[in-house]
């Protein structure tokens, strides 16, 4: 299933077609394709070129580690994410490697890396669903994440599945129209709350 964004202004088709389904096919993702996705993440921009990201990744074929990572998700997310062939957790290094000083942009930069990965996935007919609903402390303990690194998001990667495979409430959400806030609510000009001049009609 594909659900393009009903954009009001022209954007690249990769952005238009990127979305976050919960219905995934159990078809495995080839290793060379996964390498390309994380290569895209590798080339994301970051403050001082610090690249403060790391990814813990499991596939459905690695049953022990996949089950362990799946157990860090909240129950709601476990219900649908267990069908996705790839499960990952994005982790950020909280301090600069060279100076040890706090890196206030670490989460921002890790998000940029996952955005790159998501668009590369879209270009290959894959979808990524990112999740805040997971137990970060459990992930640290179970996955042996070292001190100074913080797990910030979990995500699935896979090919689109059949929405009919989802429970009724999730199926309705899967099929519902996509919506976003209007540009004039968050693109501001010279002061807060004043829409930028190019937004005003």
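The values are calculated or read from the model by the stated rules, or taken from the named source; none is laboratory data. Please read all numbers here as calculations on a predicted model, not as lab measurements. With ideal geometry, Cβ positions are generated from the backbone for all residues, glycine too; neighbour counts draw on all protein chains shown.
Before moving on, here are some points about what is shown:
- Restricting attention to the stretch 26-58, the residues being assigned to a loop (DSSP other than H, G, I, E, B) and either over 18 Å from the mean Cα position of the chain (by Cα) or modelled with pLDDT under 95 (or both) number 5.
- Only one entry of 66, 129 meets the criterion of being more than 17 Å from the chain's Cα centre (by Cα), crowded, with 17+ Cβ neighbours inside 10 Å, more than 24 Å from residue 147 (Cβ to Cβ) and in contact (Cβ under 8 Å) with a residue 12 or more places away in the chain, and that entry is 66.
- Evaluating residue 108 against the criteria (1) in contact with a helix residue (DSSP H, G or I) (Cβ under 7 Å, 6 or more places away or on another chain); (2) part of a helix (DSSP H, G or I); (3) under 22 Å from residue 39 (Cα atoms) leaves one unmet condition, (1).
- Against the numbered list (1) touching a residue at least 60 places away in the same chain (Cβ under 8 Å); (2) assigned to a loop (DSSP other than H, G, I, E, B); (3) touching a helix residue (DSSP H, G or I) at 6+ places or on another chain (Cβ under 7 Å), residue 7 comes up short only at (1).
- Residue selected from the stretch 178-199 under the condition within 28 Å of the chain's Cα centre (by Cα) and not in a loop (DSSP other than H, G, I, E, B), by the criterion farthest from residue 5 (Cα to Cα): 188
- Residue match in the stretch 102-116 (condition: under 23 Å from residue 66 (Cβ atoms) and either loosely packed, with under 14 Cβ neighbours inside 10 Å or modelled with pLDDT under 95 (or both)): no
- Filtered residues of the stretch 17-35 (kept if surrounded by 16 or more Cβ atoms within 10 Å (Cβ to Cβ) and either without any contact (Cβ under 8 Å) to a residue 40 or more places away in the chain or touching a helix residue (DSSP H, G or I) at 6+ places or on another chain (Cβ under 7 Å) (or both)): 17, 18, 21, 22, 23
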